[in-house]
């Protein structure tokens with residue numbers, strides 16, 4: 001039993017509004033799923049960068065309005081209502097959202113949870129300093145009671161206390177003057193890739209020791225830099241005892257090749273979406289979702305298709 | 001059936017008090033109404049130069065942990081839920097999130113989950129909802145929900161920018177700074193329990209209130225269509241509470257107190273009077289607007305702490321929390337408050 005991915009959608013039409021992109025992906029995802037939208041009990045926005053740097057309301061509520069679900073309360077029936085909110089945790093935002101969605105679905109099997117993610121510069125333009133590719137991604141989660149399909153528990157690991165974050169995005173409003181809605185300052189450590197790789201591999205290897213999977217077919221990983229997931233695969237240090245000492249070596253997804261750069265919070269959803277054609281002809285496939293980002297922190301979870 | 005509870009709460013209020021009278025007298029454009037009389041806000045707490053969202057949150061967490069049976073390294077999840085994310089003056093942090101820096105400062109376990117929530121004034125109750133879900137599912141045992149809400153920068157902007165007697169920034173004059181934290185774990189008896197909690201986002205009205213950087217001054221502003229929000233809520237709250245009464249088989253007499261979101265005393269009393277027919281009367285309405293103003297995401301916990309310290313809310317009392325936030329979010333929680341680590 002566990003949360004399963006009912007449908008995903010990704011839009012990359014080079015629109016530079018996080019709200020527009022994620023809402024478009026959400027609509028596409030719901031339409032493709034064929035479900036009754038009124039059964040989406042929870043909508044989570046797991047993108048980080050916010051159009052105009054808005055702090056209130058939640059971006060999720062603005063996306064919900066564009067998707068047109070649970071718009072108003074009925075005088076006679078609370079069913080069909082939606083609760084929306086933003087989950088923020090760097091590149092681990094979607095995995096954090098999956099963690100909470102899994103509990104929500106386990107407690108109430110009748111509903112769906114829609115997670116939308118993706119980033120765009122707050123200025124809603126193709127800003128040259130923005131280090132991420134603007135895409136919108138959506139993932140519809142459902143609960144499966146009949147099989148062993150779905151997500152296993154998410155493993156989370158932060159760096160050692162007092163370790164500096166390898167990446168930061170902040171805004172000093174006094175410095176931005178009257179341009180506070182359209183600026184963010186990014187700072188990146190030159191050793192970011194190395195720090196992320198080590199933490200990510202540490203988390204994965206500890207997790208695999210606990211979970212002891214017999215096989216992992218694909219790793220769906222963040223790609224803060226091109227080739228990151230390929231390097232990560234070489235650092236996986238686990239073999240199932242029954243497997244005669246052959247270390248697991250899942251295939252990775254080249255997200256930079258597909259999207260032209262780091263798609264940040266959208267990575268786990270987009271990687272799954274890219275993989276869908278491949279999954280169609282397979283009977284049983286095990287995936288490892290893996291993200292790493294500022295903080296520094298890493299999240300990972302096995303997923304059985 | 002598994003349920004969660006509030007194991008301990010901690011509230012921190014900055015020392016400095018600023019009166020509504022002093023704020024209004026400093027304005028060039030005077031409001032068309034008596035702000036203090038209309039809202040009931042006489043004073044609010046104001047951050048010092050050295051305080052920001054991180055320090056307000058840490059001060060609340062320290063109080064919460066002091067009264068808790070748990071230590072920082074027992075906590076499985078930390079959720080930071082403030083609207084504002086200022087550290088070191090008006091520097092907002094998008095990455096890493098405040099939960100990551102708080103986790104680091106507290107020396108929590110490396111494998112403890114952390115994430116931030118943004119959900120306007122429903123932030124803390126969104127965190128409570130998520131912890132409740134994770135405790136009920138068995139995914140996690142202990143969680144810390146915190147908000148360090150450094151919200152008075154919107155007041156500073158409003159004081160500079162209000163130039164219309166019915167300006168959209170008037171609501172910014174009612175807010176106050178605070179920190180609040182709650183530790184949640186599994187309920188062991190009915191004397192301390194989160195009985196139910198439901199939250200809904202009425203997204204049709206999501207554009208009635210925006211908090212964002214100002215485009216006229218270096219700072220942050222909040223633009224609120226207060227009349228529209230009031231009308232929307234007043235029209236819906238009675239049927240909303242009526243449906244809760246039916247769903248959970250409760251009514252006003254099952255509660256000793258109601259803690260509404262702290263907006264305006266007059267609006268709160270009008271709304272609850274209208275709910276009398278569908279939900280019944282709740283004996284005591286908790287309001288602390290006069291002392292602390294609207295502390296936004298922390299408001300229910302600031303009031304709960306204040307009323308427990310005064311001995312008005314006692315361990316074992318049933319409290320109805322009414323949640324209202326931009327989005328528009330409407331919600332209700334039924335909480336049987338326990339000893340909360342010694343506050344009584």
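Any read-out appearing in this document is the output of simple, stated calculations on the displayed coordinates, not a laboratory observation. Quick caveat: nothing in here was measured; it's all calculated off a predicted structure. Using ideal geometry, Cβ is built from the backbone for each residue, glycine included, and neighbour counts are taken over all protein chains shown.
Nearest-5 percent of antiparallel DSSP beta bridges in the range A:2-147? Don't skip to the end; give the middle numbers.
On the way: 14 of 24 bridges.
Here the share of antiparallel DSSP bridges comes out near 60 percent.
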How much length is gained if the chain between residue A:249 and residue A:148 is pulled fully straight, taking 0.36 nm per residue apart and subtracting their Cα-Cα distance, in nm to one decimal?
-> 34.1 nm
Distribution of pairwise C-alpha distances over chain B, 10 Å bins, in % = 6, 27, 36, 24, 7, 0
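Can you pull the percent of Cα pairs in the range A:2-147 with separation above 24 Å? Working shown, then result.
Details: 2886 of 10585 pairs.
Of the Cα pairs, 27 percent sit more than 24 Å apart.
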Please work out the C-alpha center-to-center distance from the range A:104-129 to the range B:1-56 and express it in whole Å.
-> 32
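Hey, what number do you get for chain B at 222 nm if only DSSP H runs of n ≥ 4 count, each worth -39500 (n - 2.57), divided across all residues, to the nearest 500?
Values: 11 runs with 110 residues, N = 344.
-9500 deg cm²/dmol, from helical runs alone.
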Quantify how much of the Cα-Cα distance distribution of the range A:139-181 extends past 12 Å, in percent.
-> 79
What's log10 of I(q)/I(0) for chain A at q = 0.07, 0.11, 0.14, 0.16 Å⁻¹, Debye sum over Cα points only, no solvent?
-> -0.26, -0.65, -1.04, -1.34
Relative compactness, the range A:244-305, computed as alpha-carbon Rg over 2.2 N^0.38 Å = 1.25
Given a Förster radius of 30 Å and the C-beta distance between residue A:31 and residue A:225 as r, what FRET efficiency does 1/(1 + (r/R0)^6) yield to the nearest 0.05?
-> 0.30
Binned Cα-Cα distance frequencies in the range B:1-136 - 5 Å width, integer % = 2, 8, 15, 18, 18, 14, 9, 7, 5, 3, 1, 0
Kindly provide the pair-distance distribution of the range B:291-344 built from C-alpha pairs, with 10 Å bins from 0 and whole-percent values in order of increasing distance.
-> 22, 50, 25, 3
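How many percent of DSSP beta bridges within the protein assembly as shown run antiparallel, rounded to 5? Please list the in-between numbers first.
Details: 81 of 112 bridges.
Rounded to the nearest five, the antiparallel share is 70 percent.
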Residue-averaged 222 nm ellipticity for chain A, from DSSP H runs of 4+ at -39500 (n - 2.57), nearest 500 = -9000 deg cm²/dmol
Sorted largest first, extent of the protein assembly as shown alpha carbons per principal axis (Å) | 76, 53, 46
The range B:108-226: Rg/Rh from Cα coordinates, Kirkwood Rh?
-> 1.07
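When all alpha-carbon pairs of the range A:147-305 are counted, what percent fall beyond 23 Å?
Working: 5339 of 12561 pairs.
Roughly 43 percent, once rounded to a whole number.
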